[in-house]
Every structure is written in C-alpha cells, then in structure tokens.
Amino acid sequence: MMQAIRFDDAWQAALRLAQTQADAGFDVVLVRDLLGRATLLIDDRSASFDASSVDWERLREAFDNATGPFAGLEPVQAATGLFAPDSVMNSADLAVLQKRDGSHGQLALLDRAVIGIDWLRPAVAESSEIERRVTLYGFKGGVGRSTATAVLARYLAETGRCVLVVDLDLESPGVSALLEDPAQLPNHGVLDHLVEAGVGNESGLDLVCRSSALSVKGNGEVWLAPAGGRPRPGYEYLSKLNRIYTDLPPALPGGEGRPFARRLEAAVAACEGQVAERSRRPDVVLLDSRAGMHDVAAAAITQLAGLALLFVVDNPHTWAGYEMLFEQWERIPVRARALRERLKMVAAMLPQADADERLARLRDRAQELFARIYDDEQGADPAAFNPAPDDEDAPHSPIPILFSTDLIGLDAGRTRDWLDLQLIQAAYSTFLSQVERLVPPFREDAS
C-alpha cells in the first residue's frame with residue numbers, strides 16, 4: 001500500500017527540489033497557498049529556462065510526484081508566465097533562505113497563511129511611535145501578565161509619566177477590570193475601532209478613560225483603552241470579534257491592502273490621540289497582549305512596540321511554545337536581527353525558595369532559545385550580536401517577578417489598595433526598576 005504524502009513531507013520534498021534549481025543558478029520562490037499546496041516559481045527573466053524543454057517536464061513531474069495532494073494546481077511556473085511577477089518574486093513577505101551568491105541563485109519562501117504571517121512581517125509604526133510602546137506577552141496564560149501590566153502602569157505614572165494601557169487581550173479582557181469599573185468604561189474599545197474602521201466609520205468613537213481604580217501619587221496619569229466598550233443593552237461583543245482578524249482589501253480602487261496589523265496599529269494610534277487631546281501625549285503605552293500563537297500577539301510583539309516583555313514560567317509546555325515562535329523568526333535572519341534587541345525575558349511566578357538558582361537555570365534555558373536569533377560569531381566580529389550567557393542586560397537574561405501563595409487569594413476588585421500591599425512590593429520591586437530602565441526616560445517637556 002502506497003504511503004500517503006502528508007503536509008510536512010510534501011513541503012520538505014518541495015524544498016529539496018527548489019534547492020536544486022537555486023543551486024543551478026536560478027532565483028526561485030516556493031509558494032504555499034491557504035490549503036498548503038506548493039508551487040515552485042522560477043525567475044527566468046534574466047536566465048534562460050525553456051519551459052517547453054524536457055528538463056522542465058521532468059522537474060514538473062518530479063515536483064508533482066513528491067508533493068502529491070499538496071502540489072499546486074500549476075506546480076512549476078516561470079516568472080515570465082506570471083501577470084505581475086514582481087508581486088511574488090519581490091513580495092515583502094518573502095522569507096529568504098539562501099541569498100544569491102556566485103553561481104547559486106536565491107531561494108525564498110512565500111507562505112500564504114490565513115493567520116500567523118504577522119509573526120514574520122516588519123514593524124508598521126513609525127520608530128518614534130513604537131519606541132514608547134511596551135508589549136507584555138506570555139506564551140501561556142495565567143502567568144500574571146495583566147497584573148504586572150497594572151502594577152507597572154501605576155509605578156511609571158508615579159514617576160510623573162502619562163501612561164496608557166491598551167487591553168489587547170480581545171478574547172479574554174483582563175487588565176481593564178483591574179483599572180476601571182465596568183460601568184465607567186468608555187462607550188467603545190479597541191474592538192469597535194477595528195470593526196468601524198473596516199467600513200471607514202471610526203471617526204467619533206469614544207475609546208479611552210482615565211483610570212479611577214488606581215490611586216496615583218504626583219502628577220502622573222494612568223489611562224485605559226479597553227478591549228470593548230461599556231457593557232449595555234444592544235452592545236454586541238462576540239459579533240464584532242468574529243469579524244476583525246482578516247486582512248482587508250484596499251478601501252479605494254488602486255489603494256493598498258489593509259492587513260490586520262496595520263488596522264490594529266491604527267486603533268492603538270487612535271487611542272493615543274484621544275489621550276493627547278484630553279490630557280497630554282502618553283509617555284509610555286503598555287500593550288497587554290493576547291497569549292499564544294495569536295495574530296494580536298504577532299502584531300503587538302513584532303510590529304507595534306519598541307520593547308516586548310516575554311513572560312515565561314519554567315515548564316516544558318512554555319519552552320516548547322517559545323521554541324516554535326523563535327523557529328519562525330530564525331527563518332528570516334533580517335527580521336530576527338531587527339527584533340532581537342527589542343525583546344526581554346521576564347521570569348514570571350518565580351518561587352522565592354532558591355530563587356537565585358531557579359533564575360540562573362531559567363536564564364541558561366533562555367540563552368539556548370535566543371541563540372537561534374543571535375549571531376554565530378562570538379568575539380570574532382565586533383559587530384556581531386551574541387551576548388554572553390551571564391550578561392544581565394542581554395535579551396535572554398530574565399527579570400524576576402517573585403511568587404507568593406498570598407497572591408492567589410488576592411481579589412483586586414475588593415481590595416482597593418492592593419497595589420500598596422507589602423507582598424506586591426516584594427514580588428514586583430525588581431521587575432519595576434529594571435523595566436523602567438528599558439523604557440524611554442521621562443522628560444517633563446516631552447509632551
């Protein structure tokens with residue numbers, strides 16, 4: 001009985017055949033469509049490849065046989081046969097596995113996915129905007145990320161900063177409840193902006209409120225942009241949530257498409273603009289991200305923020321998840337280089353017993369993970385980025401948040417001054433001071 005060709009096997013076989021053509025001197029792009037079907041595109045615009053030749057037929061047959069049900073409808077194509085070859089051969093979403101070098105051509109991938117492509121796309125915001133944004137992300141939920149966001153927001157506000165917290169955990173909003181009574185939320189949230197902007201109707205939305213749940217000493221402020229608006233009759237949340245993640249076509253003929261990350265960036269920028277209109281420009285914007293391999297997280301980490309705090313607890317499930325994530329970034333070295341110095345590990349829920357030893361083990365494990373996106377040359381090339389394992393300023397060196405069993409029973413909704421509790425100060429003091437060093441310094445004349 002002939003063994004079925006599965007998704008993974010087909011892709012690996014397609015890669016091997018693409019490599020043979022790149023080694024023969026052609027620039028090639030291996031495309032995978034939404035169903036996982038592979039097509040090999042050969043750039044014959046400057047190098048002759050006779051599509052009617054016997055070699056072409058042999059390649060086509062070999063590709064078809066190797067990929068089975070995952071062969072594209074036209075599995076091998078020449079660039080000269082495409083209507084707009086540059087849209088594929090020079091796509092911004094190409095993952096280049098091998099650059100043109102001497103007699104070898106370029107080998108690149110183009111993965112047409114419904115979700116997940118934002119993990120590999122470059123930043124969409126202006127650098128001056130993303131530098132003041134911090135994403136808080138955990139691959140697994142339940143690691144205290146939203147609590148840390150609230151604690152950090154008040155800490156930074158008490159240094160005089162204007163802090164905006166954006167609740168991007170759209171499937172499971174959490175930080176909003178820590179910062180404001182549901183009845184006092186604005187009429188709309190991030191979700192509403194994503195939906196209304198899809199039809200050009202986002203003007204006039206009420207997106208932010210100043211937190212009344214956090215008592216801030218001094219001149220600082222904490223503002224909240226909730227995931228959704230104030231609960232009220234007729235306000236549908238799920239109906240909107242089902243409609244926000246797809247990339248949208250251009251709003252006008254001849255315009256640019258509107259991928260999800262750009263629409264999310266526009267929503268965050270609109271929230272920042274409303275805080276500036278009602279008070280002053282936010283000095284720091286904290287993005288409380290959705291967990292897991294989610295499109296919100298992809299955009300928040302790779303495209304919207306100048307710093308991404310990656311929360312980790314030392315267990316196999318979490319490390320396995322981060323391995324998948326870093327493997328994605330490793331595929332495109334140029335994107336990994338642009339991203340790696342904007343990442344910082346956070347050791348969440350670190351038990352206080354033997355904390356130093358646990359932190360050292362976690363740091364070593366994180367260094368192995370980050371080695372995927374560090375440069376190989378350690379010491380030989382002064383421009384290479386490959387921090388030492390014990391470098392406390394390195395992205396892999398985790399900032400600890402200590403765990404206390406007393407935190408389990410803490411009800412922030414009923415304990416008004418919970419941020420002032422001694423156990424909170426003990427758990428977060430190192431986290432707060434180290435993160436403050438990583439965000440832009442506060443300048444009173446900056447707004």
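The values are calculated or read from the model by the stated rules, or taken from the named source; none is laboratory data. As the structure is a prediction and not an experimental result, all values here were calculated from the model. Here Cβ is always computed from backbone atoms with ideal geometry, including for glycine, and neighbour counts include all displayed protein chains. The protein model used for the area step is the full one, side chains on, heavy atoms only, and it has no ligands, DNA or RNA in it. Shrake-Rupley method; radii C 1.70, N 1.55, O 1.52, S 1.80 Å.
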- Task: Scan segment 313-328 and give yes if some residue there is among the small types (Gly, Ala, Ser) and closer than 27 Å to Tyr428 by Cβ, otherwise no.
- Result: yes
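Assess whether Gly72 counts as being at pLDDT below 90 and buried (at least 17 other Cβ atoms within 10 Å of the Cβ).
Values: at pLDDT below 90: yes; buried (at least 17 other Cβ atoms within 10 Å of the Cβ): yes.
Criteria met by Gly72.
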- Of all residues in segment 71-83, how many are in contact with a Leu (Cβ under 8 Å, 6 or more places away or on another chain) and either of a type in the set (A, V, I, L, M, F, W, C) or under 17 Å from Gln19 (Cβ atoms) (or both)? 5
- Query: Taking segment 224-241 on its own, how many of its residues are under 20 Å from the mean Cα position of the chain (by Cα) and part of a loop (DSSP other than H, G, I, E, B)?
  - Reply: 2
- Checklist (1) under 26 Å from Arg133 (Cβ atoms); (2) open to solvent by 70 Å² or more (accessible area, probe 1.4 Å); (3) modelled with pLDDT of 90 or more applied to Asp445, failing item: (3)
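Table: residues versus (1) open to solvent by 60 Å² or more (accessible area, probe 1.4 Å); (2) over 26 Å from Gly142 (Cβ atoms).
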position: Leu205; (1), (2): no, yes
position: Glu221; (1), (2): no, yes
position: Pro249; (1), (2): yes, yes
position: Val284; (1), (2): no, no
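Is it true that some residue in segment 93-103 is among the small types (Gly, Ala, Ser), open to solvent by less than 20 Å² (accessible area, probe 1.4 Å), more than 30 Å from Pro282 (Cα to Cα) and at pLDDT 90 or above?
Taking segment 93-103 and keeping what is among the small types (Gly, Ala, Ser), we get 95, 102-103.
Filter again for open to solvent by less than 20 Å² (accessible area, probe 1.4 Å), leaving 95.
Filter once more, so that each one left must be more than 30 Å from Pro282 (Cα to Cα): 95.
From what's left, at pLDDT 90 or above: none.
No, the conditions are met nowhere in segment 93-103.
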- Query: So how many residues does segment 171-190 have that are surrounded by fewer than 23 Cβ atoms within 10 Å (Cβ to Cβ) and more than 12 Å from Arg230 (Cβ to Cβ)?
  - Reply: 5
- Condition test on Ala276, is it assigned to a helix (DSSP H, G or I) and open to solvent by 10 Å² or more (accessible area, probe 1.4 Å)? yes
- Note on the structure: Ser46 fails exactly one of (1) farther than 19 Å from Arg331 by Cβ; (2) in contact with an Asp or Glu (Cβ under 9 Å, 6 or more places away or on another chain); (3) surrounded by 12 or more Cβ atoms within 10 Å (Cβ to Cβ); (4) modelled with pLDDT under 80, namely (3)
